Amino acid sequence: MELGEALARGLRGHDVDVMFGVMGDANMYFADAFHKLQGTRFVASANESGAVLMAAGYAAVSGRLGVATVTHGAIANCVSALFDAARGRYPLLLVAGDTARSGGYHLQNIPQREVVAPTGAAYREVRSPETALTDLAAAVQQALADRRPVVLELPVDFQEADAPTTPVRVPAIFPGVLEPSREAMEEAASVIIGANRPLLLAGRGAATADVDSLRKLAERIGAPVATTLRGKGLFAGDPWDLGICGTLADPVASEVVANSDCIVAFGTSLSALTTLKGELLAGKRVVQIDTDPAAIGRYYPVDVAVMGDATVAAQSLTALMDEADAPAAAFRSEELADRLAAWAEQDRAPRTAASPLDLTGVMHRLNALVPPPRTLTVDGGRFCHEALRILQVADPTHYAHCLNVGHIGMSIGYGIGAATARPDLPALTVVGDGGFMLGGLTEFNTAVRHQTSMVICLINDGAYGAEYYRFVGKGLDPALTTFDWPGFAEIANALGGTGIRVEEWADFDRVGEAITTNAGPVLVEVILDRDDVPDPGEH
Ligand SMILES: Cc1ncc(C[n+]2csc(CCOP(=O)(O)OP(=O)(O)O)c2C)c(N)n1
(Lines give C-alpha, C1' and ligand atoms only; values in the text may rest on other atoms or scores of the structure.)
Protein backbone atom coordinates (compact mmCIF):
# COMPACT_ATOMS: atom_id res chain seq x y z
CA MET A 1 0.00 0.00 0.00
CA GLU A 2 1.20 3.53 -0.73
CA LEU A 3 1.53 5.99 2.14
CA GLY A 4 -1.15 8.32 0.71
CA GLU A 5 -3.71 5.56 1.12
CA ALA A 6 -2.37 4.51 4.52
CA LEU A 7 -2.75 8.09 5.76
CA ALA A 8 -6.28 8.23 4.41
CA ARG A 9 -7.10 4.98 6.20
CA GLY A 10 -5.36 6.33 9.29
CA LEU A 11 -7.65 9.37 9.26
CA ARG A 12 -10.69 7.14 8.93
CA GLY A 13 -9.39 5.26 11.96
CA HIS A 14 -9.50 8.55 13.86
CA ASP A 15 -13.23 8.67 13.12
CA VAL A 16 -12.91 11.21 10.29
CA ASP A 17 -15.51 10.75 7.55
CA VAL A 18 -15.56 14.18 5.85
CA MET A 19 -12.64 16.07 4.35
CA PHE A 20 -12.75 19.47 2.62
CA GLY A 21 -10.05 20.47 0.19
CA VAL A 22 -8.52 21.50 -3.09
CA MET A 23 -6.28 19.03 -4.86
CA GLY A 24 -2.84 19.39 -6.33
CA ASP A 25 0.08 17.08 -6.93
CA ALA A 26 1.16 17.21 -3.29
CA ASN A 27 -2.11 15.88 -1.83
CA MET A 28 -4.05 14.30 -4.71
CA TYR A 29 -3.33 10.62 -4.07
CA PHE A 30 -4.02 11.08 -0.38
CA ALA A 31 -7.31 12.92 -1.09
CA ASP A 32 -8.37 10.41 -3.72
CA ALA A 33 -7.65 7.47 -1.43
CA PHE A 34 -9.75 9.08 1.32
CA HIS A 35 -12.61 9.73 -1.11
CA LYS A 36 -12.61 6.05 -2.16
CA LEU A 37 -12.89 4.70 1.38
CA GLN A 38 -16.22 3.39 2.54
CA GLY A 39 -18.38 5.91 4.36
CA THR A 40 -16.33 9.00 3.50
CA ARG A 41 -17.06 12.26 1.70
CA PHE A 42 -14.61 14.61 0.03
CA VAL A 43 -16.05 18.11 -0.39
CA ALA A 44 -14.12 19.90 -3.13
CA SER A 45 -14.12 23.61 -2.32
CA ALA A 46 -13.33 26.20 -4.97
CA ASN A 47 -10.59 27.89 -2.96
CA GLU A 48 -8.32 26.62 -0.17
CA SER A 49 -9.59 29.33 2.12
CA GLY A 50 -13.07 27.87 1.66
CA ALA A 51 -11.81 24.39 2.57
CA VAL A 52 -10.41 25.58 5.89
CA LEU A 53 -13.52 27.66 6.64
CA MET A 54 -15.72 24.64 5.90
CA ALA A 55 -13.63 22.44 8.19
CA ALA A 56 -13.91 25.11 10.90
CA GLY A 57 -17.70 25.36 10.48
CA TYR A 58 -17.91 21.58 10.60
CA ALA A 59 -15.88 21.53 13.83
CA ALA A 60 -17.88 24.39 15.34
CA VAL A 61 -21.25 22.67 15.20
CA SER A 62 -20.18 19.03 15.55
CA GLY A 63 -17.54 19.42 18.26
CA ARG A 64 -15.57 16.90 16.19
CA LEU A 65 -12.32 17.37 14.31
CA GLY A 66 -12.70 19.35 11.08
CA VAL A 67 -10.32 18.18 8.36
CA ALA A 68 -9.06 19.92 5.23
CA THR A 69 -6.28 19.36 2.74
CA VAL A 70 -4.36 21.62 0.34
CA THR A 71 -1.41 21.21 -2.00
CA HIS A 72 2.05 22.70 -1.64
CA GLY A 73 2.22 26.47 -1.49
CA ALA A 74 -1.58 26.78 -1.31
CA ILE A 75 -1.35 27.24 2.43
CA ALA A 76 -0.89 30.92 1.56
CA ASN A 77 -4.56 30.97 0.58
CA CYS A 78 -5.53 29.66 4.04
CA VAL A 79 -4.07 32.38 6.23
CA SER A 80 -7.22 34.37 7.15
CA ALA A 81 -9.18 31.17 7.67
CA LEU A 82 -6.50 29.76 9.97
CA PHE A 83 -6.45 32.99 11.99
CA ASP A 84 -10.22 32.76 12.42
CA ALA A 85 -10.29 29.06 13.29
CA ALA A 86 -7.42 29.43 15.75
CA ARG A 87 -9.03 32.33 17.56
CA GLY A 88 -12.39 30.54 17.48
CA ARG A 89 -10.76 27.51 19.19
CA TYR A 90 -12.01 25.05 16.59
CA PRO A 91 -10.21 21.66 16.45
CA LEU A 92 -9.00 21.31 12.89
CA LEU A 93 -6.45 19.26 10.98
CA LEU A 94 -5.06 20.69 7.76
CA VAL A 95 -3.01 18.19 5.78
CA ALA A 96 -0.83 20.48 3.70
CA GLY A 97 1.24 19.06 0.90
CA ASP A 98 4.79 20.35 0.68
CA THR A 99 7.52 20.32 -1.92
CA ALA A 100 9.80 17.26 -1.69
CA ARG A 101 12.54 17.89 0.85
CA SER A 102 15.11 16.57 -1.60
CA GLY A 103 13.56 18.29 -4.60
CA GLY A 104 15.55 21.50 -4.94
CA TYR A 105 13.88 24.36 -6.79
CA HIS A 106 10.13 24.22 -7.23
CA LEU A 107 7.78 27.01 -8.23
CA GLN A 108 5.30 26.17 -5.47
CA ASN A 109 7.88 25.97 -2.71
CA ILE A 110 7.22 28.64 -0.13
CA PRO A 111 8.19 28.90 3.55
CA GLN A 112 5.04 27.17 4.78
CA ARG A 113 5.96 27.00 8.45
CA GLU A 114 6.60 30.76 8.48
CA VAL A 115 3.30 31.44 6.70
CA VAL A 116 1.40 29.54 9.39
CA ALA A 117 3.39 30.80 12.40
CA PRO A 118 1.46 33.99 13.28
CA THR A 119 -1.99 32.46 12.75
CA GLY A 120 -2.05 30.60 16.05
CA ALA A 121 -2.22 27.21 14.31
CA ALA A 122 0.37 24.60 15.23
CA TYR A 123 2.72 23.32 12.53
CA ARG A 124 3.88 19.71 12.48
CA GLU A 125 5.59 17.49 9.92
CA VAL A 126 5.19 14.03 8.58
CA ARG A 127 8.83 13.32 9.37
CA SER A 128 9.26 10.20 7.25
CA PRO A 129 7.11 7.54 5.63
CA GLU A 130 7.95 5.20 8.53
CA THR A 131 6.71 7.65 11.18
CA ALA A 132 3.79 9.03 9.14
CA LEU A 133 0.93 7.32 10.96
CA THR A 134 2.36 8.23 14.35
CA ASP A 135 2.79 11.83 13.15
CA LEU A 136 -0.82 11.85 11.98
CA ALA A 137 -2.09 10.49 15.31
CA ALA A 138 -0.11 13.13 17.23
CA ALA A 139 -1.47 15.94 15.03
CA VAL A 140 -5.06 14.75 15.48
CA GLN A 141 -4.60 14.49 19.23
CA GLN A 142 -3.07 17.97 19.45
CA ALA A 143 -5.87 19.59 17.44
CA LEU A 144 -8.50 18.05 19.73
CA ALA A 145 -6.63 18.74 22.97
CA ASP A 146 -5.61 22.32 22.13
CA ARG A 147 -8.85 23.06 20.26
CA ARG A 148 -7.05 24.80 17.43
CA PRO A 149 -5.90 24.08 13.88
CA VAL A 150 -2.87 21.87 13.40
CA VAL A 151 -1.17 21.95 10.01
CA LEU A 152 0.45 18.64 9.10
CA GLU A 153 3.06 19.00 6.37
CA LEU A 154 3.14 16.12 3.89
CA PRO A 155 6.04 16.19 1.39
CA VAL A 156 4.79 15.41 -2.12
CA ASP A 157 6.96 12.36 -2.66
CA PHE A 158 5.85 10.64 0.57
CA GLN A 159 2.39 9.94 -0.84
CA GLU A 160 3.70 7.26 -3.17
CA ALA A 161 6.25 5.82 -0.75
CA ASP A 162 5.62 2.39 0.78
CA ALA A 163 3.33 2.52 3.78
CA PRO A 164 4.72 1.27 7.10
CA THR A 165 3.51 -2.21 7.92
CA THR A 166 3.23 -1.83 11.70
CA PRO A 167 -0.18 -0.41 12.66
CA VAL A 168 -0.44 2.56 14.99
CA ARG A 169 -2.46 2.10 18.13
CA VAL A 170 -5.05 4.82 18.63
CA PRO A 171 -5.82 5.09 22.34
CA ALA A 172 -9.39 5.41 23.52
CA ILE A 173 -9.54 8.71 25.39
CA PHE A 174 -11.93 9.05 28.32
CA PRO A 175 -12.30 12.73 29.18
CA GLY A 176 -12.50 13.44 32.90
CA VAL A 177 -14.51 16.02 34.79
CA LEU A 178 -12.65 18.79 36.57
CA GLU A 179 -14.10 19.02 40.10
CA PRO A 180 -13.89 22.51 41.61
CA SER A 181 -12.39 22.58 45.09
CA ARG A 182 -14.68 22.86 48.11
CA GLU A 183 -12.75 25.96 49.20
CA ALA A 184 -13.35 27.73 45.87
CA MET A 185 -17.03 26.83 45.95
CA GLU A 186 -17.46 28.20 49.48
CA GLU A 187 -15.74 31.42 48.51
CA ALA A 188 -18.00 31.74 45.46
CA ALA A 189 -21.13 30.95 47.49
CA SER A 190 -20.32 33.62 50.06
CA VAL A 191 -19.99 36.24 47.31
CA ILE A 192 -23.32 35.17 45.79
CA ILE A 193 -25.08 35.14 49.17
CA GLY A 194 -23.83 38.68 49.78
CA ALA A 195 -25.32 39.92 46.49
CA ASN A 196 -28.72 41.59 46.06
CA ARG A 197 -28.86 41.54 42.27
CA PRO A 198 -26.94 38.51 40.95
CA LEU A 199 -26.77 37.64 37.26
CA LEU A 200 -25.84 34.24 35.81
CA LEU A 201 -23.85 34.57 32.59
CA ALA A 202 -22.81 31.65 30.40
CA GLY A 203 -20.50 31.46 27.39
CA ARG A 204 -19.55 28.91 24.80
CA GLY A 205 -17.45 27.08 27.38
CA ALA A 206 -20.71 26.14 29.10
CA ALA A 207 -22.46 25.13 25.87
CA THR A 208 -22.27 21.44 26.61
CA ALA A 209 -22.97 21.79 30.34
CA ASP A 210 -26.20 20.46 31.81
CA VAL A 211 -28.35 23.52 31.26
CA ASP A 212 -30.89 22.40 33.86
CA SER A 213 -28.21 22.62 36.55
CA LEU A 214 -27.43 26.20 35.46
CA ARG A 215 -31.12 27.13 35.35
CA LYS A 216 -31.67 25.60 38.77
CA LEU A 217 -28.82 27.62 40.26
CA ALA A 218 -30.13 30.82 38.65
CA GLU A 219 -33.54 30.17 40.13
CA ARG A 220 -32.09 29.25 43.51
CA ILE A 221 -30.10 32.49 43.79
CA GLY A 222 -32.77 34.65 42.14
CA ALA A 223 -30.70 35.61 39.12
CA PRO A 224 -31.80 36.40 35.57
CA VAL A 225 -29.72 34.55 32.98
CA ALA A 226 -27.72 35.88 30.02
CA THR A 227 -25.19 34.53 27.55
CA THR A 228 -22.29 35.73 25.50
CA LEU A 229 -22.76 35.79 21.72
CA ARG A 230 -21.16 32.36 21.46
CA GLY A 231 -23.32 31.01 24.26
CA LYS A 232 -26.41 32.15 22.30
CA GLY A 233 -29.43 29.90 22.74
CA LEU A 234 -28.34 28.18 25.94
CA PHE A 235 -31.34 29.49 27.89
CA ALA A 236 -33.75 29.65 24.94
CA GLY A 237 -37.33 29.93 26.17
CA ASP A 238 -36.47 30.93 29.76
CA PRO A 239 -38.72 33.87 30.85
CA TRP A 240 -35.72 35.48 32.61
CA ASP A 241 -33.36 35.05 29.65
CA LEU A 242 -31.86 38.48 28.96
CA GLY A 243 -30.28 37.22 25.73
CA ILE A 244 -26.82 38.39 24.78
CA CYS A 245 -24.81 40.45 27.27
CA GLY A 246 -22.63 43.31 26.01
CA THR A 247 -22.59 45.14 22.70
CA LEU A 248 -25.48 43.08 21.28
CA ALA A 249 -27.77 43.43 24.30
CA ASP A 250 -31.40 44.48 23.98
CA PRO A 251 -32.36 47.64 25.89
CA VAL A 252 -34.03 45.89 28.86
CA ALA A 253 -31.12 43.46 29.11
CA SER A 254 -28.58 46.31 29.03
CA GLU A 255 -30.32 48.01 31.91
CA VAL A 256 -30.61 44.83 33.99
CA VAL A 257 -26.98 43.82 33.46
CA ALA A 258 -25.75 47.32 34.32
CA ASN A 259 -27.88 47.25 37.45
CA SER A 260 -26.72 43.87 38.75
CA ASP A 261 -24.19 43.73 41.58
CA CYS A 262 -22.70 40.28 41.03
CA ILE A 263 -21.92 38.24 37.92
CA VAL A 264 -21.57 34.48 38.15
CA ALA A 265 -19.85 33.61 34.88
CA PHE A 266 -19.62 30.09 33.46
CA GLY A 267 -17.37 29.22 30.51
CA THR A 268 -16.73 32.75 29.27
CA SER A 269 -13.48 34.68 29.15
CA LEU A 270 -15.48 37.91 29.72
CA SER A 271 -14.15 39.61 26.59
CA ALA A 272 -14.35 43.32 25.82
CA LEU A 273 -17.43 42.71 23.63
CA THR A 274 -19.28 40.85 26.40
CA THR A 275 -18.35 43.33 29.13
CA LEU A 276 -18.32 46.61 27.15
CA LYS A 277 -14.54 46.83 27.63
CA GLY A 278 -14.85 45.91 31.30
CA GLU A 279 -17.43 48.63 32.01
CA LEU A 280 -20.11 46.06 32.90
CA LEU A 281 -17.86 44.50 35.54
CA ALA A 282 -17.09 47.75 37.34
CA GLY A 283 -18.54 47.92 40.85
CA LYS A 284 -19.72 44.29 40.72
CA ARG A 285 -18.38 41.16 42.41
CA VAL A 286 -17.41 38.65 39.74
CA VAL A 287 -17.20 34.88 40.15
CA GLN A 288 -15.60 33.23 37.11
CA ILE A 289 -15.88 29.46 36.61
CA ASP A 290 -14.01 27.76 33.79
CA THR A 291 -12.12 24.59 33.01
CA ASP A 292 -9.54 26.56 31.04
CA PRO A 293 -7.07 28.28 33.36
CA ALA A 294 -6.12 30.66 30.53
CA ALA A 295 -9.68 32.01 30.39
CA ILE A 296 -9.70 33.09 34.02
CA GLY A 297 -8.95 36.77 34.43
CA ARG A 298 -7.75 36.87 30.80
CA TYR A 299 -9.09 40.33 30.08
CA TYR A 300 -10.27 41.77 33.40
CA PRO A 301 -9.62 40.93 37.05
CA VAL A 302 -12.29 38.93 38.87
CA ASP A 303 -13.01 38.40 42.56
CA VAL A 304 -13.27 34.63 42.76
CA ALA A 305 -11.69 32.34 40.17
CA VAL A 306 -12.91 28.76 40.10
CA MET A 307 -11.25 26.09 38.03
CA GLY A 308 -13.90 23.52 37.40
CA ASP A 309 -16.63 21.95 35.36
CA ALA A 310 -19.73 24.15 34.90
CA THR A 311 -22.30 21.46 35.70
CA VAL A 312 -20.52 20.27 38.83
CA ALA A 313 -19.92 23.85 40.00
CA ALA A 314 -23.56 24.85 39.43
CA GLN A 315 -24.84 21.83 41.34
CA SER A 316 -22.49 22.34 44.23
CA LEU A 317 -23.30 26.07 44.47
CA THR A 318 -27.01 25.22 44.61
CA ALA A 319 -26.29 22.72 47.39
CA LEU A 320 -24.24 25.30 49.32
CA MET A 321 -27.08 27.82 49.06
CA ASP A 322 -29.41 25.21 50.52
CA GLU A 323 -26.92 24.33 53.27
CA ALA A 324 -26.68 28.00 54.22
CA ASP A 325 -30.44 28.37 53.97
CA ALA A 326 -29.76 31.52 51.97
CA PRO A 327 -32.80 33.28 50.47
CA ALA A 328 -33.05 33.89 46.72
CA ALA A 329 -32.55 37.50 45.64
CA ALA A 330 -35.58 39.36 44.33
CA PHE A 331 -33.77 40.35 41.12
CA ARG A 332 -35.51 37.61 39.14
CA SER A 333 -38.97 39.13 39.49
CA GLU A 334 -42.24 38.58 37.64
CA GLU A 335 -42.07 42.23 36.65
CA LEU A 336 -38.75 41.62 34.91
CA ALA A 337 -40.16 38.65 33.00
CA ASP A 338 -43.07 40.84 31.86
CA ARG A 339 -40.76 43.62 30.74
CA LEU A 340 -38.61 41.18 28.76
CA ALA A 341 -41.68 39.70 27.08
CA ALA A 342 -43.05 43.17 26.27
CA TRP A 343 -39.76 44.23 24.69
CA ALA A 344 -39.59 41.07 22.59
CA GLU A 345 -43.13 41.66 21.36
CA GLN A 346 -42.41 45.27 20.50
CA ASP A 347 -39.23 44.27 18.63
CA ARG A 348 -41.19 41.70 16.61
CA ALA A 349 -44.01 44.13 15.82
CA PRO A 350 -45.64 42.88 12.60
CA ARG A 351 -45.06 44.87 9.41
CA THR A 352 -47.91 45.75 7.09
CA ALA A 353 -47.70 44.35 3.58
CA ALA A 354 -47.26 47.85 2.18
CA SER A 355 -44.48 48.99 4.54
CA PRO A 356 -40.96 49.00 3.10
CA LEU A 357 -38.59 46.17 3.95
CA ASP A 358 -36.52 46.92 7.03
CA LEU A 359 -33.57 45.01 8.45
CA THR A 360 -35.12 44.28 11.86
CA GLY A 361 -38.33 42.98 10.30
CA VAL A 362 -36.40 40.90 7.76
CA MET A 363 -34.46 39.17 10.54
CA HIS A 364 -37.66 38.35 12.43
CA ARG A 365 -39.16 37.02 9.18
CA LEU A 366 -36.10 34.77 8.72
CA ASN A 367 -36.54 33.41 12.25
CA ALA A 368 -40.07 32.43 11.26
CA LEU A 369 -39.20 31.11 7.78
CA VAL A 370 -36.23 29.00 8.85
CA PRO A 371 -37.00 28.47 12.53
CA PRO A 372 -34.67 26.86 15.05
CA PRO A 373 -33.51 24.18 15.45
CA ARG A 374 -31.17 24.99 12.58
CA THR A 375 -27.52 25.93 12.21
CA LEU A 376 -26.57 29.58 11.84
CA THR A 377 -23.63 31.54 10.47
CA VAL A 378 -23.54 35.32 10.18
CA ASP A 379 -21.04 37.36 8.18
CA GLY A 380 -19.62 40.76 9.13
CA GLY A 381 -20.97 44.16 8.14
CA ARG A 382 -23.42 46.80 9.25
CA PHE A 383 -26.30 44.29 9.07
CA CYS A 384 -24.69 41.79 11.43
CA HIS A 385 -25.60 43.53 14.67
CA GLU A 386 -29.31 43.01 14.03
CA ALA A 387 -28.75 39.52 12.60
CA LEU A 388 -26.73 38.35 15.60
CA ARG A 389 -29.14 39.98 18.02
CA ILE A 390 -32.35 38.63 16.52
CA LEU A 391 -31.61 35.29 14.88
CA GLN A 392 -32.12 32.59 17.46
CA VAL A 393 -30.61 29.16 17.84
CA ALA A 394 -31.96 26.29 19.90
CA ASP A 395 -28.52 25.42 21.23
CA PRO A 396 -25.17 27.28 21.25
CA THR A 397 -23.53 24.47 19.28
CA HIS A 398 -25.85 25.26 16.35
CA TYR A 399 -24.17 28.64 15.92
CA ALA A 400 -20.82 28.65 14.09
CA HIS A 401 -19.17 31.95 14.96
CA CYS A 402 -17.09 33.15 12.01
CA LEU A 403 -16.17 36.66 13.14
CA ASN A 404 -13.28 35.67 15.33
CA VAL A 405 -10.98 38.08 13.51
CA GLY A 406 -13.74 40.31 12.15
CA HIS A 407 -13.15 39.43 8.50
CA ILE A 408 -16.05 39.61 6.10
CA GLY A 409 -16.64 36.83 3.56
CA MET A 410 -16.22 33.79 5.80
CA SER A 411 -19.84 32.83 6.47
CA ILE A 412 -20.53 30.83 3.32
CA GLY A 413 -17.58 28.51 3.97
CA TYR A 414 -18.52 28.14 7.63
CA GLY A 415 -22.15 27.64 6.63
CA ILE A 416 -21.32 24.81 4.20
CA GLY A 417 -19.23 23.16 6.91
CA ALA A 418 -22.05 23.51 9.44
CA ALA A 419 -24.63 22.14 7.00
CA THR A 420 -22.32 19.22 6.17
CA ALA A 421 -21.88 18.41 9.85
CA ARG A 422 -25.61 18.55 10.61
CA PRO A 423 -27.52 17.40 7.51
CA ASP A 424 -30.40 16.64 9.90
CA LEU A 425 -30.92 20.37 10.52
CA PRO A 426 -31.79 23.23 8.16
CA ALA A 427 -28.93 25.71 7.72
CA LEU A 428 -29.15 29.49 7.61
CA THR A 429 -26.39 31.91 6.62
CA VAL A 430 -26.74 35.69 6.54
CA VAL A 431 -24.27 37.72 4.52
CA GLY A 432 -23.94 41.21 3.04
CA ASP A 433 -23.37 42.00 -0.61
CA GLY A 434 -19.77 42.99 0.13
CA GLY A 435 -19.01 39.86 2.13
CA PHE A 436 -20.61 37.62 -0.50
CA MET A 437 -18.50 39.09 -3.29
CA LEU A 438 -15.37 38.95 -1.16
CA GLY A 439 -15.62 35.35 -0.04
CA GLY A 440 -18.95 33.73 -0.84
CA LEU A 441 -19.48 33.70 -4.58
CA THR A 442 -17.18 30.84 -5.56
CA GLU A 443 -18.14 28.66 -2.63
CA PHE A 444 -21.84 29.15 -3.40
CA ASN A 445 -21.17 26.89 -6.35
CA THR A 446 -19.47 24.40 -4.01
CA ALA A 447 -22.80 24.18 -2.18
CA VAL A 448 -24.49 23.60 -5.57
CA ARG A 449 -22.05 20.88 -6.61
CA HIS A 450 -22.41 19.08 -3.31
CA GLN A 451 -26.16 19.75 -3.09
CA THR A 452 -25.71 21.32 0.33
CA SER A 453 -29.11 22.27 1.58
CA MET A 454 -28.84 25.79 3.02
CA VAL A 455 -30.65 29.12 2.95
CA ILE A 456 -28.40 32.11 2.34
CA CYS A 457 -29.97 35.46 3.06
CA LEU A 458 -27.98 38.13 1.25
CA ILE A 459 -28.70 41.61 2.55
CA ASN A 460 -28.11 43.80 -0.48
CA ASP A 461 -27.86 47.49 0.31
CA GLY A 462 -25.58 48.06 -2.70
CA ALA A 463 -22.82 49.20 -0.39
CA TYR A 464 -20.18 48.45 2.15
CA GLY A 465 -22.79 49.71 4.59
CA ALA A 466 -20.40 49.62 7.54
CA GLU A 467 -18.22 52.19 5.80
CA TYR A 468 -21.02 53.98 3.96
CA TYR A 469 -22.79 55.23 7.07
CA ARG A 470 -19.55 56.54 8.53
CA PHE A 471 -18.73 58.58 5.40
CA VAL A 472 -22.28 59.92 5.25
CA GLY A 473 -22.25 60.68 8.98
CA LYS A 474 -19.11 62.74 8.52
CA GLY A 475 -20.56 64.60 5.56
CA LEU A 476 -18.07 62.94 3.17
CA ASP A 477 -18.73 61.59 -0.31
CA PRO A 478 -19.46 57.82 0.11
CA ALA A 479 -18.76 57.02 -3.58
CA LEU A 480 -16.05 54.44 -2.84
CA THR A 481 -18.39 52.45 -0.63
CA THR A 482 -21.26 52.00 -3.08
CA PHE A 483 -21.47 49.23 -5.67
CA ASP A 484 -23.55 48.52 -8.71
CA TRP A 485 -23.46 44.73 -8.42
CA PRO A 486 -25.16 42.39 -10.86
CA GLY A 487 -28.36 40.79 -9.49
CA PHE A 488 -27.42 38.18 -6.89
CA ALA A 489 -30.58 36.10 -7.34
CA GLU A 490 -29.72 35.78 -11.04
CA ILE A 491 -26.12 34.89 -10.18
CA ALA A 492 -27.37 32.17 -7.82
CA ASN A 493 -29.51 30.69 -10.59
CA ALA A 494 -26.63 30.91 -13.08
CA LEU A 495 -24.37 29.10 -10.61
CA GLY A 496 -26.84 26.21 -10.49
CA GLY A 497 -28.65 27.07 -7.26
CA THR A 498 -31.93 28.84 -6.55
CA GLY A 499 -32.09 32.62 -6.36
CA ILE A 500 -35.04 34.68 -5.16
CA ARG A 501 -35.14 38.46 -5.18
CA VAL A 502 -37.11 40.00 -2.33
CA GLU A 503 -38.20 43.61 -2.74
CA GLU A 504 -41.41 43.54 -0.69
CA TRP A 505 -42.80 41.42 2.12
CA ALA A 506 -44.99 39.32 -0.19
CA ASP A 507 -41.87 38.08 -2.02
CA PHE A 508 -40.99 36.05 1.06
CA ASP A 509 -43.86 33.68 0.21
CA ARG A 510 -41.79 32.31 -2.65
CA VAL A 511 -38.89 31.72 -0.26
CA GLY A 512 -40.96 29.38 1.90
CA GLU A 513 -41.92 27.36 -1.19
CA ALA A 514 -38.36 27.18 -2.51
CA ILE A 515 -36.95 26.01 0.81
CA THR A 516 -39.32 23.10 0.97
CA THR A 517 -39.12 22.02 -2.68
CA ASN A 518 -35.61 22.83 -3.95
CA ALA A 519 -32.47 20.82 -3.19
CA GLY A 520 -29.16 22.61 -2.80
CA PRO A 521 -28.60 26.21 -1.73
CA VAL A 522 -31.34 28.84 -1.89
CA LEU A 523 -30.10 32.41 -2.05
CA VAL A 524 -32.57 35.01 -0.87
CA GLU A 525 -31.46 38.45 -2.04
CA VAL A 526 -33.15 41.06 0.12
CA ILE A 527 -33.02 44.56 -1.32
CA LEU A 528 -32.71 47.28 1.29
CA ASP A 529 -32.35 51.02 0.96
CA ARG A 530 -28.83 51.76 2.15
CA ASP A 531 -29.98 55.00 3.74
CA ASP A 532 -32.55 53.16 5.78
CA VAL A 533 -30.46 50.46 7.47
CA PRO A 534 -29.97 51.08 11.21
CA ASP A 535 -26.44 51.86 12.35
CA PRO A 536 -24.89 49.14 14.51
CA GLY A 537 -26.06 49.46 18.09
CA GLU A 538 -29.12 51.51 17.21
CA HIS A 539 -32.46 50.00 18.21
C1 LIG B 1 -11.45 40.76 5.00
C2 LIG B 1 -12.05 42.09 5.32
N3 LIG B 1 -11.93 43.10 4.44
C4 LIG B 1 -12.48 44.31 4.70
C5 LIG B 1 -13.12 44.52 5.88
C6 LIG B 1 -13.71 45.89 6.19
N7 LIG B 1 -15.17 45.83 6.17
C8 LIG B 1 -15.90 45.67 7.29
S9 LIG B 1 -17.53 45.66 7.02
C10 LIG B 1 -17.31 45.90 5.37
C11 LIG B 1 -18.48 46.08 4.45
C12 LIG B 1 -19.29 44.86 4.30
O13 LIG B 1 -20.28 45.13 3.37
P14 LIG B 1 -21.52 44.18 3.25
O15 LIG B 1 -21.08 42.77 3.29
O16 LIG B 1 -22.29 44.58 2.07
O17 LIG B 1 -22.34 44.44 4.60
P18 LIG B 1 -22.96 45.84 5.08
O19 LIG B 1 -21.90 46.53 5.86
O20 LIG B 1 -23.38 46.60 3.85
O21 LIG B 1 -24.13 45.49 5.93
C22 LIG B 1 -15.96 45.96 5.04
C23 LIG B 1 -15.44 46.15 3.67
C24 LIG B 1 -13.19 43.45 6.79
N25 LIG B 1 -13.77 43.56 7.97
N26 LIG B 1 -12.67 42.25 6.47
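The values are calculated or read from the model by the stated rules, or taken from the named source; none is laboratory data. Just so you know, these numbers come straight off a predicted model, no measurement behind them. Positions of Cβ are generated from backbone atoms using ideal geometry, with glycine treated the same way; all protein chains shown enter the neighbour counts. What goes into the accessible areas is simple: the full protein's heavy atoms, side chains included, and nothing from ligands, DNA or RNA. Shrake-Rupley method; radii C 1.70, N 1.55, O 1.52, S 1.80 Å.
Distance from the alpha carbon centroid of region 443-515 to that of region 2-33 works out to 35 angstrom. Using bins of 5 Å that start at zero, the share of Cα-Cα pairs per bin across region 19-99 amounts to 3, 18, 28, 26, 16, 7, 1, in whole %. An ellipsoid equivalent to the chain, defined through the eigenvalues of its Cα gyration tensor, has semi-axes of 40, 33, 19 Å when rounded to whole angstrom and sorted largest first.
Given 10 °C and 1.306 mPa s, compute D for region 360-399 with the Stokes-Einstein relation, Rh being the Kirkwood radius over Cα pairs; round to the nearest whole µm²/s. The calculation lands on 154 µm²/s.
With all protein chains kept in place, the per residue accessible area of the chain amounts to 41 square angstrom at a probe of 1.4 angstrom. If one puts a single equal scatterer on every Cα of region 327-414 and applies the Debye formula without solvent, what log₁₀ I(q)/I(0) results at q = 0.14, 0.24 Å⁻¹? Debye intensities relative to I(0), on a log10 scale: -0.65, -1.21. This model, with +1 at the C-beta of Lys and Arg and -1 at the C-beta of Asp and Glu, gives region 25-153 a dipole about its Cα centre of some 400 debye. For the chain, lysine pairs separated by 8 or more sequence positions, or belonging to different chains, with Cα-Cα distances below 30 Å total 6. With the largest listed first and rounded to whole Å, the semi-axes of the equivalent ellipsoid of region 69-178 from the Cα gyration tensor are 24, 21, 8.
For region 233-300, taking the reciprocal of the average inverse distance between every pair of different Cα atoms yields a Kirkwood hydrodynamic radius of 12.5 Å.
For q values of 0.15 Å⁻¹, compute log₁₀ I(q)/I(0) with the Debye formula on a Cα-only model of region 271-344, without solvent. Summing over Cα pairs of region 271-344 leads to -0.78.
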